[in-house]
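Colleague: Dumping the structure here so I can ask a few things about it.
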Amino acid sequence: MNYPQLLAPILDFLHCPTPDAWIEKARQPENLPLLLTDHMICELKAAQTAMLLIRKYVADQRGGEALLSWLKPYESFTYGGGPEPDFVALHKRIGKSVMPHTEDPWGQQLIDSMVLLIKEELHHFWQVREVMMKRDIPYVKITASRYARGLIRDLRTWEPQRLIDKLICGAYIEARSCERFAALAPHVDEELQAFYLSLLRSEARHYQDYLTLAQSISDDDITPRVRHFGDVEAALITTPDSEFRFHSGVPA
Ligand SMILES: [Fe+2]
Ligand SMILES: [Fe+2]
């Protein structure tokens with residue numbers, strides 16, 4: 001895989017690279033359980049974000065319920081102390097066949113890219129869970145970082161601008177994840193390095209999908225709005241942060 005070529009547009013899109021102080025903290029072996037736990041939850045949140053977009057903007061009731069049922073076992077494990085999901089069985093149930101088709105080309109574009117994204121994110125969730133189990137890292141609930149909260153604070157309140165902003169935020173979250181995997185890779189053991197690098201390609205495509213969806217639903221050029229969220233995102237990454245997480249700022 002050509003990593004520099006894959007990363008170049010992402011580094012260009014993001015307004016700043018991950019600070020060295022964050023990498024320094026992340027490479028400490030004692031912080032690995034926290035990093036993996038937060039990473040696992042981020043994968044679920046990425047799937048939830050995509051699910052909510054389909055449910056809110058496109059799906060009919062039947063499709064909406066199918067989407068909810070895909071994620072429920074993962075959510076109950078992560079948030080509700082539920083049993084370890086049977087990932088293989090669950091994965092086979094996910095597909096576009098249960099999704100509604102729509103006459104609206106943009107709606108169909110949203111369904112197509114987000115269903116694929118949900119499937120990939122849930123697969124990543126399961127992969128992180130496997131890495132944790134292999135290393136005897138128990139799943140312990142943690143609090144969320146300020147990152148996503150800090151981004152969505154700036155969403156406009158009226159549609160379709162709110163939707164456009166959500167899609168741009170989605171692009172930033174995916175792009176930052178991709179950049180962090182690449183930044184972490186040289187500092188972790190071989191197995192984790194291979195895993196992080198394997199995630200780069202799908203996260204790179206996810207960020208592109210979000211941006212394409214945002215531009216195609218907008219009548220105006222989204223560049224100024226992208227730039228705005230780029231500034232907000234960079235501030236969250238480069239300012240002191242009391243909590244260490246996958247998307248946290250400079251360790252305080
Ligand atoms: Fe992912
Ligand atoms: Fe992703």
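Colleague: How would you order 42-52, 27-37 from highest to lowest mean count of nearby Cβ atoms within 10 Å? Please list the in-between numbers first.
Modeller: Numbers: 42-52: 21.3, 27-37: 15.3.
Ranked from most to least packed, the peptides come out as 42-52, 27-37.
Colleague: Between Asn31 and Thr102, what FRET efficiency follows from the Cβ-Cβ distance if R0 is 41 Å, with the result rounded to 0.05?
Modeller: 0.40
Colleague: Quick check for you: with a 1.4 Å probe and neighbouring chains kept, what is the accessible area per residue of the chain, in Å²?
Modeller: About 46 Å² of surface per residue is accessible.
Colleague: Mind ordering 20-26, 120-126, 188-194 by average Cβ neighbours within 10 Å, highest first?
Modeller: Working: 20-26: 16.1, 120-126: 21.4, 188-194: 13.0.
Highest to lowest by the protection proxy: 120-126, 20-26, 188-194.
Colleague: What spacing in nm lies between the two simple spin-label points modelled at Ser216 and Asp20, each 7 Å away from Cα in the Cβ direction?
Modeller: The two pseudo-label positions are separated by 4.3 nm.
Colleague: Give me the percent of the accessible area of the chain that comes from carbon and sulfur atoms, probe 1.4 Å, all protein chains in place.
Modeller: Working: 6450 of 11700 Å².
On the chain, the fraction of accessible area on carbon and sulfur atoms equals 55 percent.
Colleague: Counting helices only, and only those DSSP H runs with n ≥ 4, report the 222 nm mean residue ellipticity of the chain as the sum of -39,500 (n - 2.57) divided by its residues, in deg cm²/dmol to the nearest 500.
Modeller: -23500 deg cm²/dmol
Colleague: For each pair in Lys45/Lys119; Lys25/Lys119; Lys92/Lys141; Lys141/Lys166; Lys92/Lys166, compute the distance between the two Cα atoms and list the pairs where it is over 24 Å. Let's see the in-between values first.
Modeller: Numbers: Lys45/Lys119 13 Å; Lys25/Lys119 31 Å; Lys92/Lys141 27 Å; Lys141/Lys166 26 Å; Lys92/Lys166 29 Å.
Where the Cα-Cα span goes over 24 Å, the pairs concerned are Lys25/Lys119; Lys92/Lys141; Lys141/Lys166; Lys92/Lys166.
Colleague: Here's something else I'd like to know. Give me the one-decimal nm value for the distance between modelled label points at Trp158 and Ala8, 7 Å along each residue's Cα-to-Cβ direction.
Modeller: Here the modelled spin labels are 4.1 nm apart.
Colleague: Stretch Val88-His228 to full length: gain in nm at 0.36 nm per residue minus the Cα-Cα span?
Modeller: Stretched fully, the Val88-His228 segment lengthens by 46.4 nm.
The values are calculated or read from the model by the stated rules, or taken from the named source; none is laboratory data. Note that the structure is predicted; figures quoted are calculated from it, not measured. Methodologically, a virtual Cβ is constructed for each residue, glycine included, from the backbone with ideal geometry; neighbour enumeration extends over all protein chains shown. These area figures cover heavy atoms from the full protein model, side chains too; ligands, DNA and RNA do not enter into them. Shrake-Rupley method; radii C 1.70, N 1.55, O 1.52, S 1.80 Å.
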